[in-house]
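Working notes, beginning with the structure itself.
No value in this document is a laboratory result; all are computed from the given coordinates. Source: prediction; values computed, not measured. Here Cβ is always computed from backbone atoms with ideal geometry, including for glycine, and neighbour counts include all displayed protein chains.
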Amino acid sequence: MRIHRIQGAPERLQGALTRGDVASFHDILAPTVPLSRHIFKAPTRFYKTGLVFMAYLNGLQDHFTLVGGQESARSTLHLAELFRLADAAGLLTDPELAAARMRTVMAVRGVDA
């Protein structure tokens with residue numbers, strides 16, 4: 001898996017805001033738009049699956065489990081696309097951890113990485 005990370009994005013975003021540089025602000029945030037649209041894709045009520053998956057991939061929690069088994073509310077393809085879009089947006093804080101966790105989720109769902 002090839003993982004991307006936008007280096008210094010928070011600092012660049014703050015700098016753009018400080019300078020009033022609207023074009024740079026939009027350029028920095030543009031890669032996050034497809035990810036957000038994907039997470040909130042219909043049926044929108046399952047958006048929490050995407051948020052928890054992102055938290056799990058980024059090491060903010062040690063499991064990918066939701067109340068009532070809601071982690072299964074989104075398909076394997078949906079989660080794979082979420083991973084790809086998060087990577088493209090540079091939002092995987094520890095790419096090696098995220099890739100390892102993605103492989104685990106895929107293996108549980110019957111997909112060999």
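Tabulated values for the structure
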quantity: Potential lengthening between T44 and T18 on full extension [0.36 nm per residue; Cα-Cα distance subtracted]; calculated: 6.0 nm
quantity: Paramagnetic label zone (point 7 Å from Cα along Cα-to-C-beta, E81; backbone N under 12 Å) in region 28-61; calculated: 34-43
quantity: Neighbourhood charge, 15 Å Cβ-Cβ cut-off, centred on G15 and excluding it, Lys, Arg +1 and Asp, Glu -1; calculated: -1
quantity: Whole-Å semi-axes of the ellipsoid equivalent to region 9-108 (Cα gyration tensor, √5λ, descending); calculated: 27, 15, 11
quantity: In degrees, nearest ten, helix 9-19 long axis to first principal axis of the chain (Cα); calculated: 30
quantity: Neighbour-limited loop hits for trypsin sites (Lys or Arg not before Pro), region 1-106 (at most 12 other Cβ within 10 Å; DSSP other than H, G, I, E, B); calculated: R2
quantity: Residue with peak Gaussian network fluctuation, the chain [Cα springs, cutoff 10 Å], from V67, V52, V22; calculated: V67
quantity: Highest-MSF residue in the chain out of L29, L97, L51 [GNM, Cα springs under 10 Å]; calculated: L29
quantity: Fluctuation leader among A98, A16, A80 - the chain, Gaussian network, Cα springs under 10 angstrom; calculated: A16
quantity: Estimated 222 nm signal from helices in the chain, with DSSP H stretches of n ≥ 4 weighted -39500 (n - 2.57), rounded to 500; calculated: -17500 deg cm²/dmol
quantity: Relative contact order computed over the chain (Cα-Cα under 8 Å; 6+ residues apart), in percent; calculated: 36
quantity: Cα lying deepest toward the dipole's positive end in region 61-113, options A99, L85, S72, charges on Cβ; calculated: S72
quantity: FRET efficiency for L60 and V108, using Cβ-Cβ distance with R0 set to 25 Å, rounded to 0.05; calculated: 0.85
quantity: Unit charges on C-beta of K, R, D, E only; dipole of the chain, Debye; calculated: 300
